[in-house]
Amino acid sequence: QVQLVESGGGLVQPGGSLRLSCAASGSIFGILVVGWYRQAPGKQRELVAAITSGGSTNYLDSVKGRFTISRDNAKNTVYLQMNSLKPEATAVYYCNVRLVVGVYWGQGTQVTVSS
């Protein structure tokens with residue numbers, strides 16, 4: 001019932017910036033929380049940032065001050081602005097939407113931070 005389309009990933013130099021987008025379509029009433037997760041090869045998936053239906057946010061400690069999650073309700077889109085990127089940020093980033101009726105995932109977008 002819900003489709004999430006992610007974009008904005010790519011290759012960036014250390015210290016550079018990227019903005020990821022997650023555009024939602026379908027039956028998206030009843031949103032509870034939207035989160036960005038990442039998973040690097042051989043590592044566990046981890047929550048990077050989240051924003052609740054009330055607009056409050058929380059972040060992985062290692063990205064605080066450098067990453068910002070935001071939303072544009074008119075566009076049904078959530079963003080993750082990533083600044084001062086480090087090589088350890090290299091991973092596939094996934095958008096996750098939790099609704100009253102279920103949980104949905106995007107297809108993922110690759111972020112590579114390398115010289």
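The values are calculated or read from the model by the stated rules, or taken from the named source; none is laboratory data. Computed from a predicted model, the values in this text were never measured in an experiment. With ideal geometry, Cβ positions are generated from the backbone for all residues, glycine too; neighbour counts draw on all protein chains shown. Calculation scope for accessible area: heavy atoms of the full protein, side chains included, ligands and nucleic acids excluded. Shrake-Rupley method; radii C 1.70, N 1.55, O 1.52, S 1.80 Å.
Filtered by the rule that a residue be outside any strand (DSSP E or B) and under 20 Å from residue 86 (Cα atoms), the range 10-39 gives 13, 14, 15, 16, 17.
Check the range 53-70 and report whether any residue there is among the charged types (D, E, K, R), surrounded by 14 or more Cβ atoms within 10 Å (Cβ to Cβ) and either at pLDDT below 95 or in contact with a Cys (Cβ under 8 Å, 6 or more places away or on another chain) (or both).
As a first pass, look at the range 53-70 and keep what is among the charged types (D, E, K, R): 61, 64, 66.
Filter again for surrounded by 14 or more Cβ atoms within 10 Å (Cβ to Cβ), leaving 66.
Still in the running and either at pLDDT below 95 or in contact with a Cys (Cβ under 8 Å, 6 or more places away or on another chain) (or both): none.
No; the residues of the range 53-70 include none that is among the charged types (D, E, K, R), surrounded by 14 or more Cβ atoms within 10 Å (Cβ to Cβ) and either at pLDDT below 95 or in contact with a Cys (Cβ under 8 Å, 6 or more places away or on another chain) (or both).
Among the residues of the range 13-37, those identified as touching a residue at least 60 places away in the same chain (Cβ under 8 Å) and at positive phi are 15, 30. Out of the residues in the range 74-104 that are among the hydrophobic types (A, V, I, L, M, F, W, C) and open to solvent by 60 Å² or more (accessible area, probe 1.4 Å), which is nearest to residue 38 (Cα to Cα)? This residue is 103.
When the test is whether a residue is of a type outside the set (Gly, Ala, Ser) and surrounded by 17 or more Cβ atoms within 10 Å (Cβ to Cβ), residue 38 passes it. Is there a residue in the range 40-49 that is part of a strand (DSSP E or B), polar (S, T, N, Q) and over 13 Å from the mean Cα position of the chain (by Cα)? Checked against the condition, which is being part of a strand (DSSP E or B), polar (S, T, N, Q) and over 13 Å from the mean Cα position of the chain (by Cα), the range 40-49 yields no hits at all. Among the residues of the range 13-35, just one is open to solvent by 60 Å² or more (accessible area, probe 1.4 Å) and of a type in the set (Val, Ile, Thr), namely 31. Only one entry in 38, 45 is closer than 19 Å to residue 11 by Cβ and touching a Phe, Trp or Tyr at 6+ places or on another chain (Cβ under 6 Å), namely 38. Within the range 89-111, which residues are outside any loop (DSSP other than H, G, I, E, B) and in contact with a Gly (Cβ under 7 Å, 6 or more places away or on another chain)? Hits for the range 89-111 are 92, 93, 94, 95, 96, 99, 109, 110, 111.
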